[in-house]
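Participant: Have a look at this one.
Coordinate-derived values only; no laboratory data. Values in this document were obtained by computation on a predicted structure and should not be read as measured data. Positions of Cβ are backbone-derived with ideal geometry, glycine not excepted, and every protein chain shown enters the neighbour counts.
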Amino acid sequence: MLPKASRLRHEKDFARLSVKGRPLYGPYCILRARKSGSEPSKIGFVASGKMFKKAVDRNRVRRRMREAIRPHLDEIPPGYDMSFIARKEVADAEPKELKASMLHLIEKMPAEIQKPLKRRPKPPKSRKGVIAYSKELGVPRPPGKRPQNQDEV
């Protein structure tokens with residue numbers, strides 16, 4: 001069990017990480033992390049019901065991930081909130097491989113968080129079933145759809 005000060009416990013903290021956290025992908029889990037300023041870094045573990053149907057399996061996976069990190073808490077840089085999201089492969093992973101993978105993600109984390117986000121621009125939204133920019137793109141209008149005013153022709 002992790003010390004209470006090092007645990008991410010509240011639902012709002014997990015929600016904040018899912019929205020604002022930077023994802024790092026590994027073979028066995030996904031690390032979502034963000035800078036928080038908390039003195040000991042807080043860590044949470046997630047095993048979804050979609051991946052692991054039985055509660056026994058979810059608890060086992062979380063326990064394995066916790067145990068892989070616990071001896072290395074002093075190596076984790078302070079000031080971060082992070083959650084490890086289990087992938088299906090965790091259930092069959094060797095403990096040494098799981099530990100190495102998780103520690104590798106933690107080592108990469110500070111440098112990755114400093115990088116600027118690469119966000120793709122969102123495509124323009126279409127209005128009322130009419131394809132946006134259909135004139136410019138040369139996209140034909142679906143049969144049976146008539147424009148409601150002359151501007152859409």
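Participant: Would you mind stating whether GLU39 is in a loop (DSSP other than H, G, I, E, B), touching a residue at least 24 places away in the same chain (Cβ under 8 Å) and of a type in the set (Asp, Glu)? Step through it out loud before you land on a result.
Facilitator: Working: in a loop (DSSP other than H, G, I, E, B): yes; touching a residue at least 24 places away in the same chain (Cβ under 8 Å): yes; of a type in the set (Asp, Glu): yes.
Here the answer is yes, as GLU39 does meet what is asked.
Participant: So GLY44 fits all but one of (1) part of a helix (DSSP H, G or I); (2) closer than 9 Å to MET82 by Cα; (3) without any contact (Cβ under 8 Å) to a residue 60 or more places away in the chain; what number is the exception?
Facilitator: Tallying (1) part of a helix (DSSP H, G or I); (2) closer than 9 Å to MET82 by Cα; (3) without any contact (Cβ under 8 Å) to a residue 60 or more places away in the chain, GLY44 fails exactly one: (1).
Participant: Do the conditions hold for ALA33, that is, is it surrounded by 12 or more Cβ atoms within 10 Å (Cβ to Cβ), in contact with an Asp or Glu (Cβ under 8 Å, 6 or more places away or on another chain) and without any contact (Cβ under 8 Å) to a residue 40 or more places away in the chain?
Facilitator: Details: surrounded by 12 or more Cβ atoms within 10 Å (Cβ to Cβ): yes; in contact with an Asp or Glu (Cβ under 8 Å, 6 or more places away or on another chain): yes; without any contact (Cβ under 8 Å) to a residue 40 or more places away in the chain: no.
No, not satisfied.
Participant: Also: Identify all residues within region 89-107 that are of a type in the set (A, V, I, L, M) and part of a helix (DSSP H, G or I); write none if there are none. Can you show your working first?
Facilitator: From region 89-107, those of a type in the set (A, V, I, L, M) are 90-91, 93, 98, 100, 102-103, 105-106; that's our starting set.
Listed by number, the residues that qualify are VAL90, ALA91, LEU98, ALA100, MET102, LEU103, LEU105, ILE106.
Participant: Please go through region 48-75 and give me each residue that is without any contact (Cβ under 8 Å) to a residue 40 or more places away in the chain, surrounded by 14 or more Cβ atoms within 10 Å (Cβ to Cβ) and not basic (Lys, Arg), ordered by number.
Facilitator: Of the residues in region 48-75, the ones without any contact (Cβ under 8 Å) to a residue 40 or more places away in the chain are 48-65, 67-68, 71-72, 74-75.
So of that shortlist, the ones also surrounded by 14 or more Cβ atoms within 10 Å (Cβ to Cβ) come out as 51-52, 57-58, 60-62, 64-65, 67-68.
Selection gives MET51, PHE52, ASP57, VAL61, MET65, GLU67, ALA68.
Participant: Here's another thing I want to ask about it. Condition (residue is outside any helix (DSSP H, G or I) and within 23 Å of ARG119 (Cα to Cα)) applied to region 57-80: is it met by at least one residue? I'd like the intermediate steps shown before the answer.
Facilitator: Filtering region 57-80 down to residues outside any helix (DSSP H, G or I) leaves 76-80.
Subsequent filtering for residues that are within 23 Å of ARG119 (Cα to Cα) retains 80.
Among the residues of region 57-80, at least one is outside any helix (DSSP H, G or I) and within 23 Å of ARG119 (Cα to Cα), which makes the answer yes.
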